[in-house]
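Have a look at the structure below before the remarks.
The values are calculated or read from the model by the stated rules, or taken from the named source; none is laboratory data. The structure presented is a predicted model; accordingly, all values stated were derived computationally and were not measured. A quick note on method: Cβ atoms are made from the backbone with ideal geometry, for glycine too, and the neighbour counts reach across all protein chains shown. For accessibility, only protein heavy atoms count, side chains too; no ligands or nucleic acids. Shrake-Rupley method; radii C 1.70, N 1.55, O 1.52, S 1.80 Å.
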Amino acid sequence: MLQGKTALVTGSTSGIGLGIAKALAQQGANIVLNGFGDVEGPKAEIAALGVKVAYHGADMSKANEIEAMMKFAADTFGRVDILVNNAGIQHVAKVEDFPVERWDAIIAINLTSAFHATRLALPAMKAANWGRIINVASIHGLVGSAEKSAYVAAKHGVVGLTKVTALENATTGVTCNAICPGWVLTPLVQKQVDAKAVAMGLSNEEAKKQLLREKEPSMQFTTPEELGELAVFFCSAAGNNVRGVAWNMDGGWTAQ
Ligand code: NAD
């Protein structure tokens, strides 16, 4: 379905980003990976799906590195047809204790990077009259949780950016939508499981159940594979007129 298209997924060396990159590659899209940590493993996983894969290590908190990444993607594959703004970090503390440096980093990586990548991707998408911008927001783009001020502010911002990008391109073949996962058991959430286990004197398994019990009626984690399938739907012909939505995959979190 996506043969000949190129997808750039930020923060795709791990977790949700890697799951989405794999799902798009399974549909035939060439992939530009980005993110820190192990690169060769994710590259090999994508290449095994029979598509071309490239990597750029831009730090998503830096506008000039994002510019270099977008240029690299265009030079390597001709154009970015699908942009998935996924890179993100978390820090948990009360507002009055929140380290200023962590606030700035979360806003830069979780929100401002999506603005930069989007503004740089749009001209070529509009020229081709086809494009998909998928912002991995969070259920925290729709509701708040204590001790996550920067994250919740950034993710609400991402949902706002999604709506405006969708509206500005509503008469074109370029769509923009957000994905709002509840809990997904990635390294980002495992840190919160570990903290809960220590704070409450629980085992790893009990801490996971406690985390789910507090928010998700389904008592199940959403998986990167499920989120990948939602991204594939947005890229399909059925997604042509899906514009500016913030789509929950949250086990009932926000239905309560
Ligand atoms: P993760 O920690 O597994 O992956 C984060 C990715 O972002 C990694 O590839 C990492 O290298 C990359 N990254 C971090 N800082 C970066 C930077 N400065 N520049 C470039 N890359 C950077 O986390 P995840 O859970 O897969 O999170 C992915 C996205 O999904 C984030 O935006 C997160 O907020 C969102 N999300 C996660 C959950 C969840 O429960 N895990 C729920 C809702 C939304």
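Given the criterion in contact (Cβ under 8 Å) with a residue 12 or more places away in the chain, out of contact with any helix residue (DSSP H, G or I) (no Cβ under 8 Å at 6 or more places or on another chain) and in a helix (DSSP H, G or I), identify the matching residue among Leu212, Leu227. Let's see the steps before the verdict.
Details: Leu227 fails: out of contact with any helix residue (DSSP H, G or I) (no Cβ under 8 Å at 6 or more places or on another chain).
Answer to the selection: Leu212.
Specify which of the listed residues (Ala44, Ala54) is over 14 Å from Val84 (Cβ atoms), in a strand (DSSP E or B) and either open to solvent by 10 Å² or more (accessible area, probe 1.4 Å) or away from the ligand (no atom under 14 Å from the Cβ) (or both). Walk me through how you get there before you give the answer.
Values: Ala44 fails: in a strand (DSSP E or B).
Result of the check over Ala44, Ala54: Ala54.
Looking only at the range 80-119, which residues are surrounded by 17 or more Cβ atoms within 10 Å (Cβ to Cβ), away from the ligand (no atom under 15 Å from the Cβ) and of a type in the set (A, V, I, L, M, F, W, C)?
Val80, Ile82, Phe98
Which residue is farthest from the ligand (Cβ to nearest atom), if the candidates are limited to the range 206-227 and must be among the hydroxyl-bearing types (Ser, Thr, Tyr) and in contact with a Phe, Trp or Tyr (Cβ under 9 Å, 6 or more places away or on another chain)? Talk me through it step by step, then tell me what you get.
Taking the range 206-227 as the starting set, the residues that turn out to be among the hydroxyl-bearing types (Ser, Thr, Tyr) are 218, 222-223.
If we keep only those that are in contact with a Phe, Trp or Tyr (Cβ under 9 Å, 6 or more places away or on another chain) as well, we get 218, 222.
Working: Ser218: 14, Thr222: 7 Å.
Checking each candidate, the answer is Ser218.
From the list Lys148, Lys163, Lys191, which residue is assigned by TED's automatic domain parsing to the domain that holds Ile82, within 11 Å of the ligand (Cβ to nearest atom) and over 16 Å from Ala87 (Cα atoms)? Give the derivation first.
Details: Lys163 fails: within 11 Å of the ligand (Cβ to nearest atom); Lys191 fails: assigned by TED's automatic domain parsing to the domain that holds Ile82.
Testing whether each residue is assigned by TED's automatic domain parsing to the domain that holds Ile82, within 11 Å of the ligand (Cβ to nearest atom) and over 16 Å from Ala87 (Cα atoms) leaves just Lys148.
Starting from the range 235-252, take each residue that is farther than 18 Å from Gly157 by Cβ and list its partners that are open to solvent by 50 Å² or more (accessible area, probe 1.4 Å), counting only C-beta distances under 7 angstrom and pairs at least six apart or across chains.
Within 7 Å, the pairs are Ser236/Met1; Gly239/Phe233; Met249/Glu226; Gly251/Pro217; Gly251/Gln220; Gly252/Pro217.
Identify, by number, the condition in (1) outside any loop (DSSP other than H, G, I, E, B); (2) touching a residue at least 40 places away in the same chain (Cβ under 8 Å); (3) within 12 Å of the ligand (Cβ to nearest atom) that Gly11 doesn't meet.
Condition not satisfied by Gly11: (1).
Assuming Ala63 fulfils every condition listed in (1) buried (at least 20 other Cβ atoms within 10 Å of the Cβ); (2) more than 26 Å from Lys196 (Cα to Cα); (3) among the aliphatic types (A, V, I, L, M) apart from one, which condition is it?
With respect to (1) buried (at least 20 other Cβ atoms within 10 Å of the Cβ); (2) more than 26 Å from Lys196 (Cα to Cα); (3) among the aliphatic types (A, V, I, L, M), Ala63 is out only on (1).
Pick from Arg102, Arg132: which is outside any loop (DSSP other than H, G, I, E, B), in contact with a Cys (Cβ under 8 Å, 6 or more places away or on another chain) and charged (D, E, K, R)?
Working: Arg102 fails: in contact with a Cys (Cβ under 8 Å, 6 or more places away or on another chain).
It is Arg132.
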